[in-house]
1. Sort through A:Cys29, A:Cys40 and tell me the only one that's in a loop (DSSP other than H, G, I, E, B) and farther than 19 Å from A:Leu88 by Cβ.
2. Which of (1) within 23 Å of B:Met256 (Cα to Cα); (2) more than 10 Å from the ligand (Cβ to nearest atom); (3) part of a loop (DSSP other than H, G, I, E, B); (4) open to solvent by 70 Å² or more (accessible area, probe 1.4 Å) is the odd one out, the single condition A:Gln9 does not satisfy?
3. Select, from B:Tyr113, B:Tyr152, B:Tyr72, the only residue that is of a type in the set (Ser, Thr, Tyr) and within 14 Å of chain A (Cβ to nearest Cβ).
4. I need the helices (runs of 4 or more DSSP H) fully contained in segment B:1-94, keeping only those with at least 1 residues that are of a type in the set (A, V, I, L, M, F, W, C) and within 20 Å of the chain's Cα centre (by Cα).
5. Within 14 Å of chain A (Cβ to nearest Cβ) and under 21 Å from the mean Cα position of the chain (by Cα) - does that describe any residue in segment B:126-147?
6. For segment B:157-203, enumerate the residues that are under 20 Å from the mean Cα position of the chain (by Cα) and within 14 Å of chain A (Cβ to nearest Cβ).
7. Out of the residues in segment A:80-96 that are within 16 Å of the ligand (Cβ to nearest atom) and not hydrophobic (A, V, I, L, M, F, W, C), which is most open to solvent (accessible area, probe 1.4 Å)?
Amino acid sequence: MVNQEGGVQAIYQAALDQGRFEIQRCNDCGDAIFFPRELCPGCGSGDLSWFSPSGKGTVYAVTTVRRKPEAGGDYNVSLIDLEENVRLMSRIENAAPEEVKIGMAVKARVTVNEGHGLLVFHAMEGAAQ
Amino acid sequence: MSGDLNNLRGKFAIAGVATFGCGEAPGYTDMELLAQAARLAVADAGLTMKDIDGLCTASASSTMWSMPVVEYLGIRPRFIDATMIGGSSFIAHLMPAMQALESGQCDAVLVAYGSAQRTSTLSRKEIGKARLLMDPQPYEHPYQPMLPMSAYALAASRHMHEFGTTRRQLAQVAVSARQWARKNADAFMRDPLTVDDVLNSRMVSDPLTVRDACLVTDGGGAYVLVRADRARDLPQPPVYVLGQGTAVWNRQISSMADLTVTAATQSGRDAYAMAGMGPKDIDVAELYDAFTINTLLFLEDLGFCAKGEAGAFVEEGNISPGGSLPVNTNGGGLSWGHPGMYGIFAAIEGVRQLRGNAGDSQVAGAQTAIVHGNGGTLSSQSTAILGTAAAL
Ligand SMILES: [Zn+2]
């Protein structure tokens, strides 16, 4: 049966657009899943539910993309491991790029610009390891 | 042991190889570079285009690339494989080509590639924009990683964090490649290069500088694979395929389970198992060095060093000319050249070494070579072990 709300990519983005960060969990094997899938990449099940993760995570890998100041300057790109044991790409918004370190504790936020939601992260106060 | 494909070991050989227009070939198209390399490789094998009844090829821009290649070359292949898994494709093509030769589906497979990436009138910026539309990555692109380089930078950051790998050790990979390139008249960049030169060059995506990244060059490359009995009647010394393996675990760098362990662990294991060999049996290693971190990862994942030890291994001079393990003897993607997808050129350099044709960069007495291709953002890995008649 086709879901009238669309596929999981559209459902994920629609939640972000409303300021909510939701990911999936497999009802068969219990794994959290990211990025959104139509089937569980762990066990192949199609029985998946959406839930709100804690948003707490840790920087797993980090780079600073160098960019000319007139084009907006350098920026951070990180891979972040969520508490729920999934990894995703995002950026840390409240720290200078060179201050973002592997192991830093971060928290998810959704920014909505002109109706389009984007998942970003903030470093947690005094939480750098 | 049928799963190890040992029954295919040594039954097929690369009988012809060629490159064309490597470096800069202004005014040439991808197809023209491919066609010239193909023509020369077939001639090198002592065959004619009429003998070619199998084709493997791939393109980074054309989704139906095998059709215009068939049309352009004027061939009527009975076997076609256009598997496209990035820069490793042309090493991965070996296995379906061997299976097709084994079954009798065809008798001579041409594997061919061409890219005018450096001098093409279509700018890389335009290509990048088209890719965003045609092949979106909605969970990565919003954060504007400079792909592919930022993906490799993320892997490098993790390797440094876990194992204490240093920027100097990464830089030594580029310096060793340059030392080999200085011995190879065909290499595109042959100026002296020091570790400090690399460290002081322009940072692009930390910790990788422009000198930690492969070149952007033009070039065509091709090889011809036939059954071993036929290869022995052809003019060139046969270079036998002893082992082969290919593995894909993910596409996005964010989907990689451990950024310090690549699918080369699987492709290498399969290639060694088929060959009945291990790292100690390898005389020359051609490892796709799109970025300096790649060489470290593949030295570890293909068993030449323990995990985390490749930085020190390289810093001790082991992969430089005169070191214990000749790596990227043509100068590699970092200094020989990098026409978009480098895998076929790693294979061709392996053949050059095993034929004893490598001039000043010849590794004395080389009987075995491992040639390893990488594709995407550490996404696909393909490994082949090649050998001379003495290695059979
Ligand atoms: Zn599951």
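The values are calculated or read from the model by the stated rules, or taken from the named source; none is laboratory data. Every value quoted in this text rests on a predicted model; they were computed, and no experiment measured them. Glycine gets a Cβ as well: all are built from the backbone with ideal geometry, and neighbour counts include every protein chain shown. All accessible areas refer to the heavy atoms of the entire protein, side chains included, with ligands and DNA or RNA removed. Shrake-Rupley method; radii C 1.70, N 1.55, O 1.52, S 1.80 Å.
1. A:Cys29
2. Evaluating A:Gln9 over (1) within 23 Å of B:Met256 (Cα to Cα); (2) more than 10 Å from the ligand (Cβ to nearest atom); (3) part of a loop (DSSP other than H, G, I, E, B); (4) open to solvent by 70 Å² or more (accessible area, probe 1.4 Å) leaves (3) as the failure.
3. Every option except B:Tyr152 fails the conditions.
4. Output list reads B:30-44, B:89-92.
5. yes
6. B:Leu170
7. Across segment A:80-96, the extreme among qualifying residues is A:Asn85.
Here is a yes/no grid of residues against (1) among the small types (Gly, Ala, Ser); (2) open to solvent by 10 Å² or more (accessible area, probe 1.4 Å):
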| residue | (1), (2) |
| --- | --- |
| A:Ser45 | yes, yes |
| A:Thr58 | no, yes |
| A:Val65 | no, no |
| A:Ala71 | yes, yes |
| A:Ser78 | yes, no |
